[in-house]
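Student: The structure is given below, and queries will be raised subsequently.
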Amino acid sequence: SAVNTNKAGTYQVVYTATDSLNNTNEVTRTVKVVARLKNTVNKATNKTGIYTGSNPNNYIYFSNILFRIIDVDGDDVRIVAAQDISSVNYSSIDNWLEYFYDNLTDNSKKYIVKNKYCNQKLDDGNVTNVKKCNSYTDEVKASVLSFTDINSSIDENGNSYLYPGNIIWTNNSKNGDEAYTANIWFFTSFTKYKAFNKDYNFGVRPVLTIKGDTLIIDGDGTLEHPYSIGDVESAKAGDKTNTRYV
């Protein structure tokens, strides 16, 4: 037996029996080790429930898309796409998020719960240090990151896995015409945020909330072996392409 009860996955256990006449028989049993998502996050984050740093091994494969786990939110867990999924103007984000949700797999939708997401207005003076939110959306199925999320993910060395490699919209507007973006890039100087006109097109990384009692059936949270919950089936040789998800 190679069953590791500390690591989710499917294992094979072989039982062998031999009688006094040296007749031998063998049987194989399959053992599945699973873990609840919320408990896994709490254990990995030393019970803080919040992932911090540049690479905390918080990858999860959900609806054929690679996500990062953000934190525990009450009884549930929030996740964000590991990369931009689209590029839209600020005024179109909500419509695009509805489109995004509609195109998730049916099995994956069973795990998603509606949630309220931080959308408070900010100004240049408090973008870099805001960690508490004072304004939220209505309950929705999908949203985008706020600076509250990003700032809470920064470790003592100033690193965060939520810093994007390009420009993404956040859920924080500045005024009626401008909204904030998060970025690791440069104009004339290094900056992590900047307000832009809402008509500009920038990246969108959807945020979802999934049930905390969801069972992880495989993976260890690394990029090579992200957590998986069995919401999608792997392709097999001979599958027709029109049976696969894009």
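Student: Regarding SER135, is this residue modelled with pLDDT under 95, within 21 Å of ASN166 (Cα to Cα) and either among the basic types (Lys, Arg) or over 15 Å from the mean Cα position of the chain (by Cα) (or both)?
Tutor: So SER135 does not fit the description; no.
Student: Within the bounds of region 115-129, is there any residue that is under 13 Å from PRO206 (Cα atoms), out of contact with any Asp or Glu (no Cβ under 7 Å at 6 or more places or on another chain) and at pLDDT 90 or above?
Tutor: yes
Student: Looking only at residues in region 88-103 that are outside any helix (DSSP H, G or I) and modelled with pLDDT of 95 or more, which one is farthest from ILE217 (Cα to Cα)?
Tutor: ASN89
Student: Can you tell me which residues in region 1-43 are open to solvent by less than 80 Å² (accessible area, probe 1.4 Å) and either among the aromatic types (Phe, Trp, Tyr) or closer than 18 Å to ILE210 by Cβ (or both)?
Tutor: To start, the set of residues in region 1-43 that are open to solvent by less than 80 Å² (accessible area, probe 1.4 Å) comprises 2-4, 8-9, 11, 13-14, 17, 19, 27-28, 31, 33-35, 37-38, 40-42.
Those that are open to solvent by less than 80 Å² (accessible area, probe 1.4 Å) and either among the aromatic types (Phe, Trp, Tyr) or closer than 18 Å to ILE210 by Cβ (or both): ALA8, TYR11, VAL34, ALA35, LEU37, LYS38, THR40, VAL41, ASN42.
Student: Considering only region 58-68, I want to know if a residue exists there that is modelled with pLDDT of 95 or more, open to solvent by 60 Å² or more (accessible area, probe 1.4 Å) and not in a strand (DSSP E or B).
Tutor: no
Student: Which condition breaks for ASP149 when tested against (1) out of contact with any helix residue (DSSP H, G or I) (no Cβ under 9 Å at 6 or more places or on another chain); (2) without any contact (Cβ under 8 Å) to a residue 60 or more places away in the chain?
Tutor: Condition not satisfied by ASP149: (2).
For (1) in contact with a Phe, Trp or Tyr (Cβ under 6 Å, 6 or more places away or on another chain); (2) surrounded by 17 or more Cβ atoms within 10 Å (Cβ to Cβ); (3) of a type outside the set (Phe, Trp, Tyr), each residue gets a yes or a no:
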{"residue": "ALA142", "(1), (2), (3)": "yes, yes, yes"}
{"residue": "LEU145", "(1), (2), (3)": "no, yes, yes"}
{"residue": "ILE150", "(1), (2), (3)": "no, yes, yes"}
{"residue": "ASN157", "(1), (2), (3)": "no, no, yes"}
{"residue": "TRP169", "(1), (2), (3)": "yes, yes, no"}
{"residue": "ASN183", "(1), (2), (3)": "no, yes, yes"}
{"residue": "ASP218", "(1), (2), (3)": "no, yes, yes"}
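Student: Same structure, new question: For region 72-90: of the residues being of a type in the set (Gly, Ala, Ser) and under 17 Å from TYR117 (Cβ atoms), which is surrounded by the fewest Cβ atoms within 10 Å (Cβ to Cβ)?
Tutor: Checked region 72-90; the qualifying residue surrounded by the fewest Cβ atoms within 10 Å (Cβ to Cβ) is GLY74.
A quick yes/no check of all residues on (1) within 21 Å of ASN6 (Cα to Cα); (2) buried (at least 16 other Cβ atoms within 10 Å of the Cβ); (3) among the aromatic types (Phe, Trp, Tyr):
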site	(1), (2), (3)
THR45	yes, yes, no
ILE70	no, yes, no
LEU122	no, yes, no
ASN126	no, no, no
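The values are calculated or read from the model by the stated rules, or taken from the named source; none is laboratory data. Note that this is a predicted model, so its numbers are computed, not measured. FYI the Cβ positions are ideal-geometry reconstructions off the backbone, even for glycines, and counts take in every protein chain you see. Side chains included, ligands, DNA and RNA excluded: accessible areas come from the protein's heavy atoms. Shrake-Rupley method; radii C 1.70, N 1.55, O 1.52, S 1.80 Å.
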